[in-house]
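Okay, structure first, notes after.
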Amino acid sequence: MSGIGSARREIGEERMAPGGAIPTQRSAADAYRVSDDQLHRARLVVARNSADSDDLRQLLDMLGLISANPDQPPPVSR
């Protein structure tokens, strides 16, 4: 059960500011930004929980984690 549970723990830890400080306020633009590390971890979670390669491809596409055009970044990174 390391897939979803560990991803939830990582996300929870990511939201915490160091030393228990209150995190800075995010702008609306920040809410839509996804770092390369977040993109990589999201793909890993989807891959670990996919039934097969077709399922994986469909899920990654639906979630915007892959791009239809290899010359462009995936939709979540635009």
Probe 1.4 Å - accessible area at V45, Å² to nearest ten: 40 Å²
Could you order peptides 51-57, 36-42, 22-28, 61-67 by the average number of other Cβ atoms within 10 Å of their residues, highest first? 61-67, 36-42, 51-57, 22-28
What is the sum of charges, Lys and Arg at +1 and Asp and Glu at -1, for the other residues whose Cβ falls under 14 Å from the Cβ of S50? -1
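The values are calculated or read from the model by the stated rules, or taken from the named source; none is laboratory data. Just so you know, these numbers come straight off a predicted model, no measurement behind them. Methodologically, a virtual Cβ is constructed for each residue, glycine included, from the backbone with ideal geometry; neighbour enumeration extends over all protein chains shown. All accessible areas refer to the heavy atoms of the entire protein, side chains included, with ligands and DNA or RNA removed. Shrake-Rupley method; radii C 1.70, N 1.55, O 1.52, S 1.80 Å.
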